[in-house]
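Bear in mind that the values in this text are calculations on the coordinates, not laboratory data. In this text, all values refer to a predicted model and were calculated from it rather than measured experimentally. Cβ placement follows ideal geometry from the backbone for every residue including glycine, while neighbour counts extend to all protein chains displayed.
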Amino acid sequence: MILEVVKYGHPALWKKGARLDKITTEIEELIDDMFQTMYDARGVGLAAQQVGKALQLTVIDVREAVDRPSTLELDGKPADVSAIMPLVLINPEVKPVDGKKTAAGPEGCLSFPEIFADISRPEFVDVVAQDRTGKRIAFRCGGLLARAIQHEKDHLDGILFIHRMDSKTKSELQPELDELQAQTKEELAKVKKSNR
């Protein structure tokens, strides 16, 4: 089922996700729905907060982004990124491999339609998480996959990509951000009114 992707201004986007200690049937269904929603929106990642659920859960698939390559290391050896796609990360821990080495790159977000900006992030990260079966997974990645994982991990902690923008970029985008936030709040108010 395709879920509604909440937009900037929705309170769910600021909520830190709760850890998942058990993978229930509802969580399995949510994972499937999140993948369907992400593919339908032509995204490469989607966090639970973006569908209104404050959980430490994200789905990622970078296989279609051939113009923005990714790297992957499993057990210290280079591996094909498609070996772990589509990717489910539950309770992920993400650590920069080299804190000083950052790369700026374009980012968008399904919760911020048509808004893009260059964001500086560590180039490579080590990731430890659980997969959709609850099994521990660990890998090192770079390129688009590292960027997507850091973007989604931020969502899981209630951090938005606008918080990572430099002040010049954010001030240039402020009119669009204000408009999007106002639209979202207006829609939420209508929903609240109709539920009375």
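Hey, can you rank 182-189, 87-94 by average C-beta count inside 10 Å, highest first?
87-94, 182-189
Take the residue pairs Lys153/Lys185; Lys95/Lys135; Lys53/Lys185; Lys53/Lys95; Lys53/Lys101; Lys22/Lys153 and return only those whose Cα atoms are more than 21 Å apart.
Pairs exceeding 21 Å: Lys153/Lys185; Lys53/Lys95; Lys53/Lys101.
Using helices alone, I'd like the mean residue ellipticity at 222 nm for the chain: each DSSP H run of four-plus residues gives -39500 (n - 2.57), total over residue count, nearest 500.
Mean residue ellipticity, 222 nm, calculated: -10000 deg cm²/dmol.
Using unit Cβ charges (K, R positive; D, E negative) and no other charged atoms, how large, in debye to the nearest 20, is the dipole of the chain about its Cα centre?
Computed charge dipole of the chain: roughly 600 debye.
Using the 10 angstrom Cβ neighbour count as an exposure proxy, how do Met38, Met165, Met1 rank, fewest first?
So the ranking, lowest neighbour count to highest, is Met1, Met165, Met38.
What is the spin-label model distance, in nm, from Asp166 to Ala18 if the labels are put 7 Å beyond Cα along the C-beta direction?
In this crude label model, Asp166 to Ala18 measures out at 4.1 nm.
Using a 10 Å cut-off around each Cβ, can you sort Leu30, Leu13 from fewest to most neighbouring Cβ atoms?
Least crowded to most crowded, the residues run Leu30, Leu13.
Find the centroid of the Cα atoms in region 172-196 and in region 1-76, then give the distance between the two in whole Å.
23
For region 1-117, what number results from the quotient of the Cα radius of gyration and 2.2 N^0.38 Å?
Output field value: 1.12.
If I take every Cα pair under 8 Å that is 6 or more residues apart in the chain, average their sequence separation and divide by the length, what percent do I get for the relative contact order?
On the way: 361 pairs, mean separation 51.0, N = 196.
Answer for the chain is 26 percent.
Over all directions, what mean area does the Cα convex hull of region 1-69 project, stated in square nanometres?
The Cα convex hull of region 1-69, projected and averaged over all directions, gives 5.3 nm².
By per-residue mean of other Cβ atoms within 10 Å, what is the highest-first order of 151-161, 48-58, 134-144?
Descending packing order for the listed peptides: 48-58, 151-161, 134-144.
For Ile119, Ile23, what ranking results if the residue with the fewest other Cβ atoms within 10 Å of its Cβ goes first?
The most exposed by this proxy come first: Ile23, Ile119.
Rounded to two decimal places and with Rh computed the Kirkwood way over Cα pairs, what is Rg over Rh for the chain?
Using only Cα positions, Rg/Rh for the chain is 0.97.
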